[in-house]
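Trainee: My structure is below; once you've seen it, I'll send some questions.
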Amino acid sequence: MRKSIFLLSMLLILGLVVGGCAAPAGPGAAPDQSAATEAAPAEAAPAGPFEPMSMAAENCDYGGLFKSIEAVDQMTVKFTLCQPDPAFPAKVAFSSFAINDADYLQATGGGGELIEKPNGTGPYKLVDWLRGDQIIFERNEEYWGEPAIPQTLVFRWSAESAQRLVELQAGTVDGIDNPGPDDFAVIEADPNLQLAKRSGTNIFYIGMNNTYPPFDNERVRQAFAMAIDRQRIVDNFYPAGSSVATQFMPPSIFGYTDGLTWYDYNPDEAKKILEEEGVLPGFKTTITYRDVVRGYLPNPGVVAQDIQAQLADIGVEAEIVVMESGAFLDAADRGEIAGFHMLGWGADYPDATNFLDFHFGKGASAQFGNGFPDIWDALNEGATKAKPEDRQPWYDKANELIKQHVPMIPVAHGGNGAAFKADVEGAYASDIGAEQFALMNPGGRDTFVWLQNGEPAGLYCADESDGEALRACEQVMQSLLAYEPGTGDVVASLATEWTANDELTEWVFKLREGVKFHNGATLDANDVVLSYVVQWDASHPLHVGRDGSFTYFPGLFGGFLNAPE
Amino acid sequence: MSVTAATAPASVEPIFNTKPRGLWSTAFRRLFRRRSAIIGMIILAALILVAIFAPVLATHDPTKSLIGIENVQKRQGPCIHWLGCPSDQPQHYFGLDGNVRDLYSRILFGARLSLLVGIVSVGFAIVIGAFLGAISGYMGGWTDNLIMGLMDIMLAFPSLILAIAIVTVLGPGLLNTLLAIGIVSIPVYARIMRSSVLAIKQQDYVMADRSIGVPSGRILFGNILPNALTPLIVQGTLGIAVAILDAAALSFLGLGAQPPTPEWGSMIGQERNQVFTAPHLIIFPGFALILTVLGFNLLGDGLRDALDVRQRS
């Protein structure tokens, strides 16, 4: 009797637990790919005569940048754009737009194996990914370029900066990412270690969503901009090499407005305005953040508490809410965070579009609530002019408008870096976080072990936006163009030359001959076309990915074709 | 030869010339004879005093950042003037934390929180657990099966994991932490209570009550419960130590007390990466935790020895 009751209640509890866990997974699943696919003449090109693929939008009303992509011949790809885009080469070089083998894309169905076992053209190929432990890469002996120096490359991860440093000091790893700000001095003083700094090509900001009162009131947002002492945050909680942000754009990237200043710190004035607007006394809000270390925010918990203390000084009671990283980004992008949120952005490629369009353009997420049409217009003008000197005034205007509307409070450009063993030759830290380990010689050892902050969520980087995943992808996958290590200039990669017409609307890329994918396939124009089309066309049967969001594509190229309503 | 008069033994002591010592006074005498229990009591008394007089003893506001107020660095080590720290520097007994707050003041105020968590959550668990266990033991039958089955299910989960699950559902915060730790401690007290009740139920005085028709409720709460409290008190004292540790663990993970509340576990959690560069931020709150848990454990052990009927000889 007792046994049966016990069993019964066990089953009941188990049922509840399973039911409770399974329910939220439903809506998060990948959207059903039942939409029409007639627009996709994507056929595998089997051995035999080359059948060029192409894809075209009927017109440009769908809001995106792409008009058509076509394989002109086996080694030539042509992109036709709806608007001029001077930053197009810089965007094409980004690792989210790496080229996959068309057959492999089809064999994997656009997801599944593709996420676990990337098949690229890069200097390393994946050997094994031990989930939760490490990723092992091995030198690609058939690489078209300079072969990688270390025979084996191992990626590991640890969220704790103290653990990363201990491992480096103990010699179990050759390089670590993002040492803790307090550890910079320790590393510089240690003759066995070397520090490679990154300049602050990033921005840490405190975001506000203008669909939630009182943040719907521009004067209130301006008052909060005056209430935060940014200098104090940078002085106390950022490593050397960081600077106080005066605008969203970092100083070294095109689109920065020289001489623009932010609101002066003035808590009394802020308090006065908030009282006039009826926000104070008695305003309670939240500060939401994710507890992960990024270059723009090396000390999230401490900074959150300092902002909380600063807000308390003007009488605003803020509760700190820590969210899981992925859930936080999703909630921010969907505009679900009612209070302040602490987030940042690091450069993917050195251009204003990467910062401003992605956050404040027409295709931007709902992170700051409803967009600002006057900012849209300025950004649109800036993005469609060909010459830098014609573009700059529009970005000056956009930066000025952002200051006026205060969708967020820019706080800091965080200096950060990577640390290596002293005997690693060619060690460097890329400003955009795209280190090429193939170029580093770990003191003659044949294995290079890299310890970064976190595990990649997936290695199909079309559908990843986290730098931890992108860096791993970049060892294996390559795009049409690449960024020169160190300078960030756009250089040839899978395409050897690229040309545009005078209006910058037609771009032709000549592919490199004889490039082999890790699975043995040869690179041709159809691989390029299909790699782009599966991202561009939301109704494509291969538009699957890991969670199907493909964040970067609409962020950089305006929007998806056939996007679901 | 004289006949000695049979003198009455004038000095014969009556057997019960003094009031017999009760269970509790015996227990206290035994308790005070144990050195470890005395040490435990001294630690706890000091802790309670610290908790009560924290605002008097503290040198700074525990949640106030000293940026711009004093000329100090974040994570600066301790500075005590009579130990040689130059007198032109501001004095901080335990140093400063990552947000430039006085660590000594934070630890003092942390004592309040830890004691509160320990006592409230264990109190909650004892009340519910004792009630369930008493009902279960006294009623028997399907009630017993049902309640003990539920308790067995709860015991099947590691307590900290279950507490994390509860806090995740309810949302982080001090109150929810109290509740979660209280809930996961219920089965222990319910089981102890049940076994005591089962034993006492068979005693003659309970049988006598029954035979003259005393209502069940009065037997249970009037006669059985008071006699079954002893093991509960011992377990409760030891349980407070466990509860404080669990709360610290939850706060370490960021699920317990929310910033800027000074809580020892969260103080360690927030500064865990500074273990090499600023060890005082880990050592002092960790030491405070150790001391508190030690105090409760010593007292609990002493109480167990003092109250254990079998050891009495």
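Trainee: Take the Cα radius of gyration of the protein assembly as shown and divide it by 2.2 N^0.38 Å, with N its residue count; two decimals is plenty.
Mentor: Against the compact-globule rule of thumb, the ratio is 1.19.
Trainee: Relative contact order of chain A: what whole-number percent is it, with Cα pairs under 8 angstrom and at least 6 residues apart? Walk me through the numbers before you get to the answer.
Mentor: Working: 1215 pairs, mean separation 158.9, N = 565.
Here the relative contact order equals 28 percent.
Trainee: Please list, ordered by chain and number, the residues whose modelled amide H lies under 5 Å from the amide H of A:LYS362; skip anything fewer than 5 residues away on the same chain.
Mentor: Correct list: empty.
Trainee: On to the next question. Fully extended, how many nm does the chain gain between A:GLU324 and A:GLU116 (0.36 nm per residue separation, minus their Cα-Cα distance)?
Mentor: The span from A:GLU324 to A:GLU116 would gain 72.6 nm if fully extended.
Trainee: Sticking with this one: Quick one: if you stick a label point 7 Å off each Cα along the C-beta vector at A:ALA338 and A:ASN441, how many nm between them?
Mentor: Distance between label points: 6.1 nm.
Trainee: In the neighborhood of A:LYS397, defined by Cβ-to-Cβ distances under 12 Å, what is the net charge if each Lys or Arg adds +1 and each Asp or Glu adds -1?
Mentor: On the way: positive: A:ARG391, A:LYS403; negative: A:ASP374, A:ASP377, A:GLU381, A:ASP396, A:GLU400.
Net local charge, A:LYS397 excluded: -3.
Trainee: I want to check the label-to-label distance for A:ASN519 and A:ALA170. Put each point 7 Å from Cα in the C-beta direction and report it in nm to one decimal.
Mentor: Using points 7 Å along Cα→Cβ, the separation is 3.9 nm.
Trainee: Test of understanding: ordering A:CYS473, A:CYS461 by Cβ neighbours within 10 Å, fewest first, what list do you get?
Mentor: A:CYS473, A:CYS461
Trainee: On alpha-carbon atoms, Rg over Rh for region B:190-295 using Kirkwood Rh?
Mentor: Reported Rg/Rh, Kirkwood definition of Rh: 1.31.
Trainee: Which value, in Å to one decimal place, does the Kirkwood hydrodynamic radius take for region A:442-540 when every pair of different Cα atoms is included? If you can, show how the numbers build up before the last one.
Mentor: Values: mean 1/r = 0.0619 Å⁻¹.
Final number for the Kirkwood radius of region A:442-540 is 16.1 Å.
Trainee: While we're looking at this one, here's another question. Please work out, to two decimal places, the log10 of the ratio I(q)/I(0) at q = 0.22, 0.25 Å⁻¹ from a Debye calculation in which every Cα of region A:349-391 carries one identical scatterer.
Mentor: For region A:349-391 at q = 0.22, 0.25 Å⁻¹, log10 I(q)/I(0) is -0.70, -0.85.
Trainee: So, one more: Rounded, prolate or oblate for region A:106-237? Axes are the square roots of the Cα gyration tensor eigenvalues, ordered a ≥ b ≥ c, and the cut-off for rounded is a/c under 1.5.
Mentor: Oblate, because a/c is 1.5 or more while a/b does not exceed b/c.
Trainee: What's the FRET efficiency of A:ASN192 with A:GLU218 using the Cβ-Cβ distance as r and R₀ = 56 Å, to the nearest 0.05?
Mentor: That gives a FRET efficiency of 0.55.
Trainee: Where Lys and Arg each count +1 and Asp and Glu each count -1, what net charge lies around A:GLN475 among other residues with Cβ under 12 Å from its Cβ?
Mentor: Net charge around A:GLN475: 0.
Trainee: With a 10 Å Cβ neighbour count serving as the proxy for reagent exposure, in which order, fewest first, do A:SER252, B:SER216, A:SER479 appear?
Mentor: Ordered by Cβ neighbours within 10 Å, fewest first: B:SER216, A:SER252, A:SER479.
Trainee: What is chain B by shape, rounded, prolate or oblate, if you read a ≥ b ≥ c off the alpha carbon gyration tensor as root eigenvalues and call it rounded for a/c under 1.5, prolate for a/b larger than b/c, and oblate otherwise?
Mentor: Working: a/c = 3.74, a/b = 1.57, b/c = 2.38.
Note, shape of chain B comes out oblate.
Trainee: Please arrange A:THR499, B:THR63, B:THR292, B:THR143 by how many other C-beta atoms lie within 10 Å of their C-beta, fewest to most.
Mentor: Working: A:THR499 10, B:THR63 18, B:THR292 24, B:THR143 14.
The order, fewest Cβ neighbours first, is A:THR499, B:THR143, B:THR63, B:THR292.
Any read-out appearing in this document is the output of simple, stated calculations on the displayed coordinates, not a laboratory observation. Quick caveat: nothing in here was measured; it's all calculated off a predicted structure. Positions of Cβ are generated from backbone atoms using ideal geometry, with glycine treated the same way; all protein chains shown enter the neighbour counts.
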